[in-house]
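Each reported figure results from applying straightforward, stated rules to the coordinates on display, with no laboratory input. Just so it is clear, the structure is predicted and the values come from calculations on it, not from any experiment. Positions of Cβ are generated from backbone atoms using ideal geometry, with glycine treated the same way; all protein chains shown enter the neighbour counts.
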């Protein structure tokens, strides 16, 4: 298997990020989103994001096969160090370590930028994502029942979190 490499995402990655995100939207196991993303929309999102919240891509043979991002969790200042994470892997690259590489890179950069926690919500049926997140140090906090509807059906989500940077070093 060829080596994977992670790096910060740039606007030049917008087409690849959109393609991979759209696969996740089509599969209906990774997001409540239903509208496809466009490269222009992704480039705008990257430009407008608060720089503290990183986006990384993972490449194999010069081709982007996964990406992960942290975004603002809540607008209140007390949550500035908490990032809401997303991670997506191209269909053809799933189960080959690209998601792990993306999450390891994202957590490292998030800690460098002063974030202390990453959180997300994952469909219970998305056992691959739950397994990935567990394997890189996330813990399951609970379940939001009937969190939102996807295609007219209520869906539950598993809440996950990982302390990073200063959060890892904190006292209990």
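Taking the numbered list (1) surrounded by 14 or more Cβ atoms within 10 Å (Cβ to Cβ); (2) within 16 Å of the chain's Cα centre (by Cα) in turn, residue 135 passes all entries but (1). In contact (Cβ under 8 Å) with a residue 12 or more places away in the chain, part of a strand (DSSP E or B) and in contact with a helix residue (DSSP H, G or I) (Cβ under 6 Å, 6 or more places away or on another chain) - does that describe any residue in region 6-25? Yes, region 6-25 has at least one match.
For region 44-60, give me each residue that is within 28 Å of residue 2 (Cβ to Cβ) and under 17 Å from the mean Cα position of the chain (by Cα).
If the condition is that a residue be within 28 Å of residue 2 (Cβ to Cβ) and under 17 Å from the mean Cα position of the chain (by Cα), then 46, 54, 55, 56, 57, 58, 59 are the ones that fit.
Considering (1) loosely packed, with under 13 Cβ neighbours inside 10 Å; (2) closer than 20 Å to residue 24 by Cβ, the lone condition that residue 142 does not fulfil carries the number (2). Of the listed requirements (1) without any contact (Cβ under 8 Å) to a residue 60 or more places away in the chain; (2) part of a loop (DSSP other than H, G, I, E, B); (3) more than 27 Å from residue 152 (Cα to Cα), residue 40 misses just one: (2). Can you confirm whether residue 91 is over 16 Å from the mean Cα position of the chain (by Cα) and surrounded by fewer than 19 Cβ atoms within 10 Å (Cβ to Cβ)? Taking the combined requirement at face value, the residue does not satisfy it.
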